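One structure is given below, represented as structure tokens, and several questions about it will come after.
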Amino acid sequence: MADISELSLTNGQVITDPDVLKKFGKNDSTQEVVKVYQPLAVVEAQSIKDVQDTMKFANAHKIPVTTWGAGSSIVNSSAGLDDGIVLNLSKMNKILEINIPNQYAIVEAGVINADLDKEVRKQGYFFAPDPGSKPISSVGGNIATNAGGMSSLKYGTTKQSVIGLQIVLADGTLIDTGGKTFKNNVGYDLTDLLVGSEGTLAVIVSATVKLLPIPFGKPVTGLATFANMAELSVGVQKISASGLYPSMLEALNDTSIEALDRLEGSDLGNGGTAKALLIFKLEGAPAGAVDALKKILDEAKAIHVSVTDDQEYSDNIIKIRQDYYKAEAAYGRLIVEDIAVPLSKLPELAAFVADLKFTTNVTAFLGGHAGDGNFHPNIAIPRDSDSVPADVREAINKIFTYAQSVGGTISAEHGIGEIKKQWVLPQLGQDLVDLQKKVKLAFDPNNILNPGRKI
């Protein structure tokens, strides 16, 4: 084993304190701890040179390196590995440039998503990616997982907001990909390849990201309840085809509604008659949009419809969706999953989840981004469970198998990490997996960057 004391940094710190190493040996937000790893060291980088020196040292000694942004991974993709180095970029958190005339910002990887968004909103712009972890997750982490969110329906996942990256390769080489223009067809598009690569191809040290002007006019926000998910699905498809271009179409099933009513003391379930809830938002809504929405929802047999352009009321409606996980977590330790299915399969998916049978005391929920088919079938298990019960594992396997069987995916926005790795081959097939492994080795011949994850 290499002597970590030989690693010398210009600005950063090499930490070997056992208590610190233990913290970085797992992701706190990972619902299922595969194991608590024992890293060799945590490198607290404060400059690009720190990152380069770390990678040169690790590559020479073939030491695995895991990049850590904010540690908010749900699939255990950023936890340090045994005898490896955790490259902590949280101190590389400067907004380097906000260029309003050209509608981009350049940020270090450790910048928190919400901090960037708050800063650019002062100048009439916003940063579109809005994962649920927005207040705590880093831009670098969002890029590494291609994070999505409630507004991905209109603005896309993180990938659509990245126009350039600065990366450090496994051997310490510094490379710029992309540029400062929204269109760039020179060479292969390595920027897109790196987005979603979960730290397996290179270390992202900074990014040039797209900024968008805040839409003109008042946003229109609302909610609608339905007797079942099938009727809600009709509403979603009609709104999607209407030309209104909503920025948000969020759906929650009956158990999710019950959980929210229990948490908030509300009656979203309309006295038990509503078994499905749709939350929607239009930004820059054209004249007549509210009437058009109400007509569509009425045709879809909505039980109750509420639409507003009042900011406070709108915030309260959005908060309902934001409290989704909090409400479910009140039932126990929450196993959070992430799949996507074709839009027409929503009623079938809802019925599939409702029909799951459990022998242990658990509660299954279904909610998510109905507009793009991305759902989170979450399961609350007893808090004192030492591990995920066998029947819950079986249920998750059935959900994944179903998603893949209808042309969907077992990961839409949370990544693969190591928790979902066994499902990559069934979805991609051997030939495509082999090709991706060749791409990995082209970037990282010694396989030191987050080995054993993603593919």
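Kindly list, by first and then second residue, each pair from a residue in region 202-218 that is in the same structural domain as residue 110 (by the TED database) and under 23 Å from residue 191 (Cβ atoms) to a residue that is in a strand (DSSP E or B) and polar (S, T, N, Q), limited to pairs with Cβ atoms under 6 Å and residues at least 6 apart or on different chains.
Going by the 6 Å Cβ cut-off, the qualifying pairs are 203/67; 205/166; 206/166.
Between 325, 331, which is at negative phi, touching a strand residue (DSSP E or B) at 6+ places or on another chain (Cβ under 8 Å) and surrounded by fewer than 21 Cβ atoms within 10 Å (Cβ to Cβ)?
The conditions single out 325.
Loosely packed, with under 15 Cβ neighbours inside 10 Å, acidic (Asp, Glu) and over 22 Å from residue 414 (Cα atoms) - does that describe any residue in region 382-391?
Checked against the condition, which is being loosely packed, with under 15 Cβ neighbours inside 10 Å, acidic (Asp, Glu) and over 22 Å from residue 414 (Cα atoms), region 382-391 yields at least one hit.
Tally up the residues in region 418-455 that are within 20 Å of the chain's Cα centre (by Cα) and β-branched (Val, Ile, Thr), please.
Matching residues across region 418-455 total 3.
With the condition being in contact (Cβ under 8 Å) with a residue 40 or more places away in the chain and among the aliphatic types (A, V, I, L, M), I'd like the strands (runs of 3 or more DSSP E) fully within region 31-102 carrying at least 3 qualifying residues. Full working, then the answer.
On the way: elements: 41-44, 65-68, 85-88, 95-99.
Correct list: 41-44, 85-88.
So, one more: Taking only pairs six or more apart or across chains, which ones have beta-carbon atoms under 8 Å, a first residue in region 1-12 that is of a type in the set (Val, Ile, Thr), and a second residue that is loosely packed, with under 13 Cβ neighbours inside 10 Å and not in a helix (DSSP H, G or I)?
Close Cβ pairs (under 8 Å, with a partner that is loosely packed, with under 13 Cβ neighbours inside 10 Å and not in a helix (DSSP H, G or I)) amount to 4/16.
So that you can scan it fast, the table gives a plain yes or no per residue for (1) farther than 28 Å from residue 133 by Cα; (2) among the charged types (D, E, K, R); (3) in a helix (DSSP H, G or I):
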{"residue": "393", "(1), (2), (3)": "no, yes, yes"}
{"residue": "397", "(1), (2), (3)": "no, no, yes"}
{"residue": "413", "(1), (2), (3)": "no, yes, no"}
{"residue": "419", "(1), (2), (3)": "no, no, no"}
{"residue": "427", "(1), (2), (3)": "no, no, yes"}
{"residue": "434", "(1), (2), (3)": "yes, yes, yes"}
{"residue": "441", "(1), (2), (3)": "yes, no, yes"}
{"residue": "447", "(1), (2), (3)": "yes, no, no"}
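Moving on to the next point. Can you go through 268, 232 and tell me which one is buried (at least 24 other Cβ atoms within 10 Å of the Cβ) and out of contact with any His (no Cβ under 7 Å at 6 or more places or on another chain)? It would help to see each step written out before you state the result.
Working: 268 fails: buried (at least 24 other Cβ atoms within 10 Å of the Cβ).
Going through 268, 232 in turn, just one is buried (at least 24 other Cβ atoms within 10 Å of the Cβ) and out of contact with any His (no Cβ under 7 Å at 6 or more places or on another chain): 232.
Then there's this: Select from region 57-71 the residues that are under 16 Å from the mean Cα position of the chain (by Cα) and crowded, with 23+ Cβ neighbours inside 10 Å and list them in ascending order. Working first, answer last.
Of all residues in region 57-71, those under 16 Å from the mean Cα position of the chain (by Cα) come to 68-71.
Of everything in region 57-71, those that are under 16 Å from the mean Cα position of the chain (by Cα) and crowded, with 23+ Cβ neighbours inside 10 Å turn out to be 68, 69, 70.
Residue by residue through region 169-204, note down the ones that are of a type in the set (Asp, Glu) and surrounded by 21 or more Cβ atoms within 10 Å (Cβ to Cβ). Write out each step before concluding.
Let us first name the residues in region 169-204 that are of a type in the set (Asp, Glu), namely 171, 176, 189, 192, 198.
Matches in region 169-204: 198 only.
Follow-up. If residue 165 satisfies every condition in (1) out of contact with any Gly (no Cβ under 7 Å at 6 or more places or on another chain); (2) under 30 Å from residue 410 (Cβ atoms) but one, which is the exception?
For residue 165, the exception is condition (1).
Here are some conditions: (1) surrounded by fewer than 22 Cβ atoms within 10 Å (Cβ to Cβ); (2) modelled with pLDDT of 95 or more. Residue 136 meets all but one. Which one does it not meet?
Every listed condition holds for residue 136 apart from (2).
The values are calculated or read from the model by the stated rules, or taken from the named source; none is laboratory data. Since this is a predicted model, take the numbers as computed values, not measurements. Glycine also receives a Cβ, built like all others from the backbone with ideal geometry; neighbour counts cover every protein chain displayed.
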